[in-house]
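Okay, so here's the structure we're looking at.
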Amino acid sequence: MIDKLAWIHIKDGRLLAARSRGKDVYFVPGGKREAGESDEQALTREVLEELSVTLNADSLRPLHVFEAQAHGRDEGVIVRMTCFTGDYSGALQPAAEIEEIAWLTYADRDRVSLVMQNIMDWLKERGELQ
């Protein structure tokens, strides 16, 4: 089991996504906890590293937990994505290993990881994603 945190940010019915250098699919911004970090601290650190923005800690809210086969891993390796929503400050721009950011709609579902497909399905069912 790969345990990750993710930031779900939707604007005008589009979901913010990131693609790492050398990867062929998009992911939800976020990552893994480091020793001693809370979920909120780890997510804030990861988003700052990847997208150059600071999450507003007071605005972070748990959204949902998703699981799926981990992209590019052996069969049976599952990723658990604990998702949060929240506001940010700064200008979104790719940083660190992130090559590109994009605003995706449901029509882009085939361009994302399996766990992100589950996230997109869930958001679409709730009318939050175009």
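Between ASN56 and VAL77, what's the calculated FRET efficiency when r is the beta-carbon distance and R0 is 25 Å? Round to 0.05.
Working: r = 33 Å, r/R0 = 1.32.
The calculated FRET efficiency here is 0.15.
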Show that you can apply the helix-only estimate: for the chain, add -39,500 (n - 2.57) for every DSSP H stretch of four or more residues, divide by all residues, and state [θ] at 222 nm to the nearest 500. -6000 deg cm²/dmol
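Nearest 5 percent is fine: what portion of the DSSP beta bridges confined to the chain is antiparallel? Don't jump to the answer; show the numbers that get you there.
Details: 21 of 28 bridges.
Around 75 percent of the beta bridges assigned by DSSP in the chain are antiparallel ones.
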Net dipole in debye of the chain [+1 Lys, Arg Cβ; -1 Asp, Glu Cβ; about Cα centre; nearest 20]: 180
Considering only GLU34, GLU97, GLU49, give the residue with the highest GNM mean-square fluctuation for the chain, with springs between Cα atoms whenever their separation is below 10 Å. GLU34
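Given Cα positions, please report Rg to Rh for the chain, the hydrodynamic radius being the Kirkwood one.
Values: Rg = 13.6 Å, Rh = 14.7 Å.
When Rh is taken as the Kirkwood radius, the ratio is 0.93.
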Below 8 Å between Cα atoms, with a sequence gap of 6+, how large is the relative contact order for the chain in percent? 33
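Fewest Cβ neighbours within 10 Å first, please rank LYS11, LYS4, LYS23 accordingly.
On the way: LYS11 9, LYS4 21, LYS23 16.
With the sparsest Cβ surroundings first, the list reads LYS11, LYS23, LYS4.
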How do GLU125, GLU75, GLU40 rank when sorted from fewest to most other Cβ atoms within 10 Å of their own Cβ? GLU75, GLU125, GLU40
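We did not get these values from a lab; they are worked out from the coordinates using the rules stated. Since the model is a prediction, treat every value here as computed from it, not as a measurement. Positions of Cβ are generated from backbone atoms using ideal geometry, with glycine treated the same way; all protein chains shown enter the neighbour counts.
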